[in-house]
1. For the range B:230-264, name all the residues that are within 11 Å of chain A (Cβ to nearest Cβ) and not in a helix (DSSP H, G or I).
2. Exactly one condition in (1) away from ligand 1 (no atom under 11 Å from the Cβ); (2) open to solvent by 80 Å² or more (accessible area, probe 1.4 Å) is not met by B:THR443; state its number.
3. Please name all residue pairs, on different chains or six or more residues apart, with Cβ atoms under 8 Å, provided the first residue is in the range B:187-214 and is more than 9 Å from chain A (Cβ to nearest Cβ) and the second residue is open to solvent by 50 Å² or more (accessible area, probe 1.4 Å).
4. Collect the residues in the range A:112-138 that are touching a helix residue (DSSP H, G or I) at 6+ places or on another chain (Cβ under 8 Å) and under 30 Å from B:GLY193 (Cα atoms), keeping them in residue-number order.
5. In the range A:107-138, which residue that is outside any helix (DSSP H, G or I) and open to solvent by 30 Å² or more (accessible area, probe 1.4 Å) is nearest to the other protein chains (Cβ to nearest Cβ)?
6. Please specify each residue of the range A:1-37 satisfying the condition of being touching a Gly at 6+ places or on another chain (Cβ under 9 Å) and surrounded by fewer than 17 Cβ atoms within 10 Å (Cβ to Cβ).
7. When you scan the range A:227-242, how many residues do you find that are open to solvent by 80 Å² or more (accessible area, probe 1.4 Å) and farther than 13 Å from A:LEU143 by Cβ?
8. Among the residues of the range B:305-316, is any at pLDDT 95 or above, open to solvent by less than 20 Å² (accessible area, probe 1.4 Å), touching a Lys or Arg at 6+ places or on another chain (Cβ under 7 Å) and within 22 Å of A:ASP55 (Cβ to Cβ)?
Amino acid sequence: MKKRILFVDDERDLLNGLRRALRGQRKEWEMTFVGSGKEALELAESNPFDAIVTDMRMPGMDGAQLLEELVHLQPDIVRIVLSGQSDKEMVMKSVLPAHQYLNKPCDIDHLKNAIIRAFALRELIHDDKLVALISGMESLPSLPSLYLKLVGMLQDSDVTVRAVGEMLAKDLAMTSKVLQLVNSAFFGLGRRITNPVDAASLLGMNVIKGLVLSIGIFSQCDQSKLQSQGFSVDRLWAHSSKVASIAKRIAVAEHAEKSVVEDSMLAGFLHDIGKLILALNLPEILQQLQMASQDGGLAGLHHAEEMALGTTHGGVGAYLLGLWGLPEGVVSAVAFHHDPGALPDAEFSALTAVHVADVLANDDASDGYDFDHDYLQRLGIEDRIEAWRQLALE
Amino acid sequence: MNQVERFARRCERERSARNQAERLLEEKSLELYHANVGLKQLARDLAEKEQRSSSILDAAVDGIVTVDEQGRIDSFNHAAEMIFGCSQKEAIGLDFSLFMESDEMNGGSIGDLSVGVLGNRTMIREINGKRSDETIFPMDLALSETYLGERRLLILVIRDISQRKQAELERVKMELQLRQAQKLEAIGQLAAGIAHEINTPTQFVSDNTSFLQDAFQDIKKLCGFRHRVIEAVEADTLTPELIETAKAVADDIDIDYLHDEIPEAIEQSLEGLRRIKKIVGAMKEFSHPGTEEKSCIDINQAIRSTVEVSRNEWKYFAEMVLELDPALPATPCLPGELNQAILNLIVNAAHAIEDQAEDDSDSLGTITIRTLKRDERVEIKVTDTGCGVSEDISGRIFDPFFTTKQVGKGTGQGLAIAYSSIVDRHGGTIGLESEIGRGTTFTITLPVNMASVKTG
Ligand SMILES: Nc1ncnc2c1ncn2[C@@H]1O[C@H](COP(=O)(O)OP(=O)(O)OP(=O)(O)O)[C@@H](O)[C@H]1O
Ligand SMILES: [Mg+2]
């Protein structure tokens, strides 16, 4: 079935241009073009779309308002902003409801790829309800202690951007949201950023303050509620930091390129973010999964995940990060960290580092987590395992 | 008369003469005494007066100096000592021109200054003085003359105005900075808007071009088949399969679609390029680099370019209607400042309409700009269908920093700047009529005649 995509812009000529330039997709996509948010909502009500690409500033309803309403109507829709405004206020308004922001003028292939990628990611997850749950998430909750510390910091006039960045880097939710922001074309950086400290200094103190204190892009998670459901937020954070640091050391030891080292660290930190998403949305299922993994180890977990979700927690996390436009290397490392052999890669990548680091970080648990030996053999680096184990202990 | 009688008479006469003389003497010495007493009193009075006037002189905050006709200093009060940094003792007898910047007197003396000029009048001038440490400072000099008997004296009252001057300078500087800041802010905001106005056509011009590129590949493919068909016809090898394939290719590339869309893609791309060209041109006109002097300009054109560069500020809220009098004469203006003033009015109008509009409604308000010539003046009217200005604030809206807008939306400088450039720098007027909930009209008038224009 063709994917249905809705384009919204108050400039007729612009819509005409997009329609013509995307003509090559006519066999895969069914494209609709409308001139206002109102029309877009009316159409979406009667016939759901798979993706929407909207202008930001339009007479009457603006792009942010449109997306806010669409999220309720149809949470699973892929939401992309294509805006010509560099107005910060406008940008901030769409920080939550949009998955990705592209700037006009935007290379048509770039736009095309962003949409294609979002659709491809969706293939990771077969369950429509789950797709809707993840797509509908505007942000993730942070560890309350970190959140409160950050808010305190932002009210202190002496604090440096660097210190704020280091704070952001400690939290899964803040790290992913802030990287979504800086990697969007809105901030016009044109290069990929994988480090929250860099992200913070690029955004600048005023923007961060605005985002945190008035837009409220971060929130606190209800730790005790999650705890009562058998999910330890603290343990997730501790494990994530550990895997991030081991993955980075492994990538360095393998003389990987700088970008791979950075991806490894970031993907290591975010690899289990899917668990947080599940804990927030489907706590019963997560509980089942945890029981299954206690009984049957990794295989048990996989089996249970496939049964219950039609995907893995890696897929869940990857889908959200991918929608948010995080770098591809990071997204696939998160998606396949338990099963790296599923990808045809034959080279050391962030995925390799995260997979190995995750296994090593679980070493003491003796729950049947093991390396994907076939994969490591294919890459010809199976003999490095002992060295990595030493690294992990340091 | 006998001897004795005569003698007795003589004695009598002498006695009376002596008495008389004694009386006279007594009288005279009494007179003398009184005169002496009076004199003493007078002297005392005089001394007191002298004391008083010199202490008044010394207590005066202004420097008071008297000079003789040769320009030599005759007296020098305490304030003068302070101002010039020179004691009275040192000053007396010196030529007063030593206390003035040398080119003030053209080499002449202060005495020359007043010859024939003064009469009973006082002359006030602003000149540069010179302190004993050679520093130059601005002073107000009031000059009057007086006669002491035959001697002509000039009285100089001197006020050091360097502080006042400094404050004035600071004020002018600050005003300039404010104006500059507002200009920069406006330019910053405009730049974002202009970028948007350029980015949009750039997007569709590039999309259309990339479509044309693809379309050309498709057409090339079709041409290839056409060629093969022709060759086959010529060689008499044409098969129904070949015809079918050629048809299929034509269907596949949707030749009808291309046929309709290619001309439109080209037309719209050209239109996009025209839009870019127009805004770039308007930008150049709007910013008017380096025109700090009045020049005669076409106000209508200035309005058109200002409307163009500010399009992004109003187009989401309002339609723009221009009713520009083609017979408008060229008008002496500081183009940059006039543009700025009109821009501020347009932005305010857009804000007022935005304020008035209901949320989510797609209906636009209207901004109308009219020009016309009335007597020796050019009138520019900017009318909006916005929220209107209420009676109680209409007296304050031209005040610097008066705003009803939230932080980030307005700083309250727009109208203050417009006022100072129109009224102070163009000798024009600016006023408004408004009705709450209906709209507002701001009217600017500018003198057309160069001569009636005060230079700024
Ligand atoms: N066309 C108008 N309609 C209604 N109110 C107006 C209009 N123009 C000005 N005002 C009122 O006058 C006030 C002062 O205007 P002014 O342009 O000086 O400052 P501002 O628009 O608030 O800020 P700035 O121009 O510095 O961005 C405004 O805040 C607004 O209340
Ligand atoms: Mg204003």
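The values are calculated or read from the model by the stated rules, or taken from the named source; none is laboratory data. Quantities reported herein were computed from a predicted structural model and do not represent experimental measurements. Heads up, the Cβs are rebuilt from the backbone with ideal geometry, glycines too, and the neighbour counts pull from every protein chain shown. Accessible surface is based on the protein model in full, side chains and every heavy atom, while ligands, DNA and RNA are left aside. Shrake-Rupley method; radii C 1.70, N 1.55, O 1.52, S 1.80 Å.
1. Hits for the range B:230-264 are B:ILE253, B:ASP254.
2. Condition (2) is where B:THR443 drops out.
3. Hits for this filter: B:ILE187/B:SER287; B:ILE194/B:MET283.
4. Of all residues in the range A:112-138, those touching a helix residue (DSSP H, G or I) at 6+ places or on another chain (Cβ under 8 Å) come to A:112, A:117-118, A:121-122, A:124-125, A:127, A:130-131, A:133-138.
Once the filter is applied, which keeps residues that are touching a helix residue (DSSP H, G or I) at 6+ places or on another chain (Cβ under 8 Å) and under 30 Å from B:GLY193 (Cα atoms), the range A:112-138 yields A:LYS112, A:GLU138.
5. Going through the range A:107-138, the residues outside any helix (DSSP H, G or I) turn out to be A:107, A:123-127, A:136-138.
Pick out the ones that are also open to solvent by 30 Å² or more (accessible area, probe 1.4 Å) and you get A:107, A:123-124, A:126-127, A:138.
On the way: A:ASP107: 8, A:GLU123: 27, A:LEU124: 30, A:HIS126: 33, A:ASP127: 35, A:GLU138: 21 Å.
Result: A:ASP107.
6. Scanning the range A:1-37 gives a single hit, A:ARG12.
7. So in the range A:227-242, the residues open to solvent by 80 Å² or more (accessible area, probe 1.4 Å) come out as A:227-228, A:234-235, A:242.
Applying the additional criterion that residues be farther than 13 Å from A:LEU143 by Cβ yields A:228, A:242.
Result for the range A:227-242: 2.
8. Checked the range B:305-316: no residue is at pLDDT 95 or above, open to solvent by less than 20 Å² (accessible area, probe 1.4 Å), touching a Lys or Arg at 6+ places or on another chain (Cβ under 7 Å) and within 22 Å of A:ASP55 (Cβ to Cβ).
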